[in-house]
Amino acid sequence: MLGRIAAGSPRATQGRSPTVCGVSDHVEVSREIKAPAEEVWAAISDITRMGEWSPECHTCAWNDESVAPGVGAVFTGHNRNGEFEWTTECEVTEWVPGRVFAFDGVFGDLRFAKWAYRIEPTEAGCLVTETWDEGRPPEVIEFTVSISGVAERGEHNRRTMEATLARLAAALEP
C-alpha cells in the first residue's frame, strides 16, 4: 500500500508494459515529502526550476511565454550527461494543480518519452510518484544513445528520478 512508505524513503520499481511503438520500458519512483501537496506541485510544475531537482535536465524554459502554462504548452529542456549535451522539446499533457504534472518528450510526430509527477496528500505531507514511459521506436535507440551517452535508459532514469525526488524533498521539507 502506497500510504505505508516510510517518510523520506524512496521506492522504485521498473516493469514492462507495451507501448504503441513496441518498446516496453516503464520506471516509477515514489517518495514521501514532508510538505503540502500544493507546494510540491508548484515546485515541480515550475519548469524553470527543473535544474534544481534533476541531475540530467539542467535548464528549462517555456517556448512561448505568452501562452499560459497548462495542457498543450510547450517547453524546451536542456540536458547534460557528462560530456553529452542535448535539448528536448516537451508538451504538457496533464496539468492538475496540487495533483498531476505530466508531459511528453516530442520530436515531430514522435512522442519519445512520457513523464509524470503524481502527488497524493498524506498526513505528513504528500507522496510524490514520478514515472517515465519509453516511447522511442527500436530503430532510433542507438542514435539517441550517441546523443545522450545513456545506453540503459530505464536504469539511468531510475537513478536520476530517485535523485530528483531526494533533491526536491531537501529543498521543500522543513
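Since every read-out is calculated from the coordinates, none of them should be taken as a lab result. Quick caveat, the model's predicted, so the values are computed rather than measured. As a convention, Cβ positions derive from the backbone with ideal geometry for all residues, glycine included, and neighbour counts pool all protein chains shown.
Each of 92, 40 was scored by other Cβ atoms within 10 Å of its Cβ. Listed from fewest to most, they are 92, 40.
Our coupling estimate for the stretch 125-131, obtained by passing each phi through the Karplus curve with A = 6.51, B = -1.76, C = 1.60 and θ = phi - 60°, is x, 7, 9, 9, 10, 9, 10 Hz, Gly and Pro reported as x.
Give, rounded to the nearest 20 debye, the magnitude of the charge dipole that the chain has about its Cα centre when Lys and Arg contribute +1 at Cβ and Asp and Glu contribute -1 at Cβ. Walk me through the numbers before you get to the answer.
Values: 16 positive and 28 negative charges, 105 e Å.
Charge dipole, the chain, about its Cα centre: 500 debye, nearest 20.
Can you give the local net charge around residue 34? Use residues other than it whose beta-carbon is closer than 11 angstrom to its beta-carbon, Lys and Arg +1, Asp and Glu -1. Let's see the in-between values first.
Values: positive: 31; negative: 32, 39, 123, 173.
Charge balance in the 11 Å sphere: -3.
Charge tally around residue 111: other residues with Cβ under 13 Å, Lys/Arg +1 each, Asp/Glu -1 each, net -4.
Return the label of the correct value of percent of Cα pairs over 19 Å apart, as calculated from the structure shown, out of (i) 56; (ii) 66; (iii) 60. Recomputing percent of Cα pairs over 19 Å apart here picks out (i). The largest-to-smallest principal axis extents of the Cα set in the stretch 50-128 are 42, 30, 24 Å.
Local charge sum around residue 172 (other residues, Cβ-Cβ under 15 Å, Lys/Arg +1, Asp/Glu -1)?
Values: positive: 31, 34, 49, 167; negative: 32, 38, 39, 46, 52, 130, 173.
Taking every Cβ under 15 Å from that of residue 172, the sum is -3.
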